[in-house]
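Quick notes on the structure that follows.
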There are 2 protein chains.
Amino acid sequence: MNAATPTEPNDAGSATLTDIAYSRLSDDILSGRLLPDTKLAIEHLRRDYGIGASPLREALSRLAADGLVTVIGQRGFRVAPATVADLRDITRLRILLETEALRESLCSGDEDWEAAVVAAWYRLSKIEPERGQRFPEWEQRNHEFHEALVAACRSPRLLQLRAALYDQHRRYRSIAVHYRSADRDVSGEHEAIYRACLERRIDDACELSRVHIQHTADLVAEVLAANSALPQPARGRGRPRKVAG
Amino acid sequence: MNAATPTEPNDAGSATLTDIAYSRLSDDILSGRLLPDTKLAIEHLRRDYGIGASPLREALSRLAADGLVTVIGQRGFRVAPATVADLRDITRLRILLETEALRESLCSGDEDWEAAVVAAWYRLSKIEPERGQRFPEWEQRNHEFHEALVAACRSPRLLQLRAALYDQHRRYRSIAVHYRSADRDVSGEHEAIYRACLERRIDDACELSRVHIQHTADLVAEVLAANSALPQPARGRGRPRKVAG
DNA sequence: TAAAACATTTTTATCGATATTTTTTTAGTT
DNA sequence: AACTAAAAAAATATCGATAAAAATGTTTTA
């Protein structure tokens, strides 16, 4: 999400509890373990994560700025809501930034970049199913593949924004998967993009990428629309709600 | 910077100390009162602002996610560095987003939008000099004018990102002004944009806007380059450094 | 039965205190 | 004078405690 989000000690400062909390919360939200509108009560998080209030609040503040969490003064934090309109909005922006970054990456990618793309593609293609117990792994490699494609783009800020949008988009995908998974030929789309990139067919690559993103979004929107019709419970966190009768 | 950044009580929660700290810090950074790389020591800020450590750290965390501040684990916060390369990067992105938002705004702006634009333009044109003691006021109206132009864009996320980039850009302008001001015909450029917008000459408006932004950035880059050649002192905050001899 | 008023419980935002880490200063060596 | 090493000072990250606010539950009133 952010430029630097260390969880382990490294040259640029050691991992603080805030960093750890940020990573865990971020991951829980992006993977759909924490669904939209879920209340993020400091009290509970403290127990669940074993981290004090201050680092938690700092992490949540960062996430709020990232747009993954909402804050309301005196009323605490919640996972950001998810709506079809917002998904469309995000999708449109993601396409704009992704294609821009891809275009530049294809212009300036050298041999090392190519090698990295080939490697990322290879790893991704080794896990066939989009689902199953190896899903997190697939998700990870999918992420790395898409990142590898744009890695040669020379604009750090563009890459940063693109990454943020990727995350937002991923959250929506995760939410949809949480309800039901749609199957389609993702691998095929990936392969087409892969080929276009290596052959430097810039416009093709951008267009294929656009369609890939849009297609995903449409499927997610469908699932989302079907479920948002239902009355949304004011979700708590883990705490089992009392059921009448 | 953010969707909602209240400083005064409103429907969506009352203003917390965190909000106040955020506003003040944000303003100090964007207006150039806090220069790049300035150390933001909690201890000192506490005295200066009369706000405790926790709200300060939360505000700084948000600013860090916004990219206006850097954090290094165990080594605290600093105002984000400013480099010519980063300015160029930001400029490029800002142009991308600004023109995109403007294009859409021009497509869907109705009569109310027009009226708001006319009003914003009028207010801006009433303060002639770009400098002087009324500079903050001019800056404010400039902001409002540019915001009015894109206000009819229907993508909240795009407007949000655009606003973030505007702020980043403003910071660079402020830094440059801090050293020396460049004079040119800003009003003329503004007027040209204004006319193109009202007459819905979309491509013209975008191009004029692009040039406007790029032109500003080039001037700022010049000032910045001239000054970054000098050895950068490890700036402290207010605390007078001991001068040898 | 519904609404209003009040009392309780829970949670938030914030402060002050503190162990740990970093930075600065001082002293000691080659 | 230029490095190191040790000591002192300052700053950071974090915890626990608490006033204020919000949410929840209960009783009273119409």
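Worth pointing out:
- Taking Cβ atoms as reference points and 9 Å as the exclusive limit, the residues near A:Ser174 contribute a net charge of +3, counting Lys and Arg as +1 and Asp and Glu as -1.
- With R₀ fixed at 56 Å, the C-beta to C-beta distance from A:Asp203 to A:Ala226 puts the FRET efficiency at about 0.95.
- A point 7 Å from Cα along Cα→Cβ stands in for B:Glu128, and the other copies hold the same point at 7.7 nm, listed in rising order.
- In percent, rounded to a whole number, the relative contact order of the stretch A:17-79 is 42, using alpha-carbon pairs under 8 Å and six or more apart.
- Size of charge dipole - chain A - debye, nearest 20, with Cβ of Lys, Arg +1 and Asp, Glu -1, no other charges: 1520 debye
- With the label put 7 angstrom out from Cα along the Cα-to-Cβ vector, B:Arg47 ends up 4.3 nm from the copy partners, going from closest to farthest.
- Taking θ as phi - 60° and the Karplus parameters 6.51, -1.76 and 1.60, the scalar couplings of the stretch A:149-154 work out to 4, 8, 4, 7, 5, 8 Hz in sequence order, x denoting glycine and proline.
- Helix B:84-108 axis, angle to chain B major axis (alpha carbon atoms, nearest 10°): 40 degrees
- Residue by residue, the stretch B:210-215 carries 3J(HN,Hα) couplings of 4, 4, 4, 5, 4, 4 Hz when phi is fed to the Karplus relation 6.51 cos²θ - 1.76 cosθ + 1.60 (θ = phi - 60°); x denotes Gly or Pro.
- Shielding by partners, peptide A:82-90 (average Cβ within 10 angstrom, other chains): 2
- Placing dummy labels 7 Å off each Cα toward the beta-carbon, the span from A:Glu147 to B:Gln133 is 5.4 nm.
- Percentage of interatomic Cα-Cα distances in the protein assembly as shown larger than 34 Å: 41 percent
- Per residue, the average separation of C-alpha pairs within less than 8 Å and at least 6 apart gives chain B a relative contact order of 25 percent.
- Shape call, the stretch A:17-79: gyration tensor on alpha carbons, a/c limit 1.5: rounded
- Among residues of chain B, the one whose Cβ lies closest to the rotation axis carrying chain B onto chain A, together with that distance rounded to whole Å, is B:Ala65, 2.
- Relative contact order of the stretch A:84-228: 40 percent, from C-alpha pairs under 8 Å at least 6 residues apart in sequence.
- Given charges at Cβ of Lys, Arg, Asp, Glu: the stretch A:17-79 dipole, positive-most of A:Ser61, A:Gly32, A:Gly73: A:Gly73
- Cα lying deepest toward the dipole's positive end in the protein assembly as shown, options B:Ala41, A:Gly13, B:Thr83, charges on Cβ: B:Ala41
- The protein assembly as shown, dipole about Cα centre (Lys/Arg Cβ +1, Asp/Glu Cβ -1), debye to the nearest 20: 2100 debye
- Backbone HN-Hα couplings from phi across the stretch A:51-61 [Karplus 6.51/-1.76/1.60, Hz, Gly and Pro as x]: 10, x, 5, 4, x, 4, 5, 5, 4, 5, 4
- Annotation for A:Asn227, label-to-label distances across the other copies: 5.1 nm (shortest first, one decimal, point 7 Å from Cα along Cα→Cβ).
- For the stretch B:17-70 and the stretch A:87-134, distance of Cα centres in Å: 36 Å
- For the pair B:Arg103 and A:Thr83, label points projected 7 Å from Cα toward Cβ lie 2.5 nm apart.
FYI, it's all coordinate maths here, none of it is from the lab. As the structure is a prediction and not an experimental result, all values here were calculated from the model. Positions of Cβ are backbone-derived with ideal geometry, glycine not excepted, and every protein chain shown enters the neighbour counts.
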